[in-house]
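So the structure is just underneath, and the comments pick up after that.
The values are calculated or read from the model by the stated rules, or taken from the named source; none is laboratory data. Quick caveat: nothing in here was measured; it's all calculated off a predicted structure. Cβ sites come from the backbone with ideal geometry, for glycine too, and all protein chains shown count toward neighbours. Side chains are part of the model used for accessible areas, which takes the heavy atoms of the whole protein and leaves out ligands, DNA and RNA. Shrake-Rupley method; radii C 1.70, N 1.55, O 1.52, S 1.80 Å.
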Amino acid sequence: MPAGRRPSDARRTKLKSTESSGMDNIRISNICPIDRYYKVSNKVLDTFEEKFDEIAQSNTNTHEHADPRLLDDAYIYGRRYAVFVSQVLPKHDYFESTVPKYVNLRNMSIIQCKKVIEKMEIIADWMDMQELEAARLRKVEEQKRQDEDLQRKLEKLMPKAPVGQVREKEKSNSSSSAVSVVPEVAPPPTFEEFLENEGTSGESPVVTIQPDDDTISAITEMPHIPLPPPPTVPPASIIKPPSLDWGSVDPSASSLKPPEDAMPMKEVIAMYTRKFESLKQNRMISIHNLGTHQGRLKEPGKDSTNGCTVISALVAQNHLKPGPAIPNSQIESVIDIDAPPILRKVRVKLGLTGDALIIPSDVNDYFV
């Protein structure tokens, strides 16, 4: 094995490649509170801890005989948590917030991530032991096969004895066994002889105890209890990583199953597109372009980038006031004049930097 390589490198590389497709599908949405992402990551952490403890408690001395699937699962969940906390979660705008609640969540996740990485190194050591044991068993099996092949070849080359000689040898063996004399067992000394020997000899006499017929019968009639075979480790070639599905749901949950007569999504999109165009043609819906947009102005105090949660709340507030519909000029004033100062205050309150997107619930809390 080259220097720096570990026996379980190929096995862990295969597990990582299986995970990469799932990790690529994870997308962080700033509209979703970061608290929910922390809760999801903690569930993954709990699963990792359960599997790690199960391995550690069931194999106190050695781990080369541990369940390969259990080791693979523990490694996958640990890596999934570490990658999510260190690479995915920091993309959320609230990750660097200076609000104490978010600071505590961030610091706790970093501490937990370090502990998980340390335990993953222990799991890698266990995998190394398992791969070495599997390699040893493969070598033993190969040597056994070679010995059997050699024995068969030798048997073909060795001359066979004539049949008459074999039968004569069997007769001589049977006659010799028939006349064999069974040595007699000396009877045990009497009590008086024992006392006499005890008083005259400095050494303790040897007393031969012969079991009776009932004892011998009980021993011979005892059932034979076979010993269990020693545990074995399957070869590394048959160790397969568990299948992973990041976005799967329980198919047995009837409430999550779509109805049998559900319309395909393409048909749903086409149906509502036709309905929208019909409403436009009947002038029940009209589209008017504004003279501004989010982030058009970059001057300090006027930048409305990622301010949709504040802008939509202010537009709704003006729309619900009694009177005629709000004109486009008022919506443009909300985007360029009213929203930027509020955006800055909410971001400062939440400890957000730059043009971070604000969660709608935080905007509602600010207005309330």
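For this structure, a couple of remarks:
- Residue that is modelled with the lowest pLDDT, among those in region 36-68 that are outside any helix (DSSP H, G or I) and of a type in the set (D, E, K, R): 64
- Pick from region 347-365, criterion part of a helix (DSSP H, G or I), hydrophobic (A, V, I, L, M, F, W, C) and over 20 Å from residue 293 (Cα atoms), ranking: farthest from the chain's Cα centre (by Cα): 348
- Which numbered condition residue 120 fails, given (1) loosely packed, with under 14 Cβ neighbours inside 10 Å; (2) farther than 22 Å from residue 355 by Cβ: (1)
- Cβ pairs under 9 Å, 6+ apart, first in region 98-118 and in contact (Cβ under 8 Å) with a residue 24 or more places away in the chain and more than 25 Å from residue 74 (Cβ to Cβ), second open to solvent by less than 40 Å² (accessible area, probe 1.4 Å) and aliphatic (A, V, I, L, M): 98/350; 98/352; 99/350; 99/352; 102/34; 102/350
- There is at least one residue in region 19-35 that is over 18 Å from the mean Cα position of the chain (by Cα), at pLDDT 85 or above, within 22 Å of residue 350 (Cβ to Cβ) and assigned to a helix (DSSP H, G or I).
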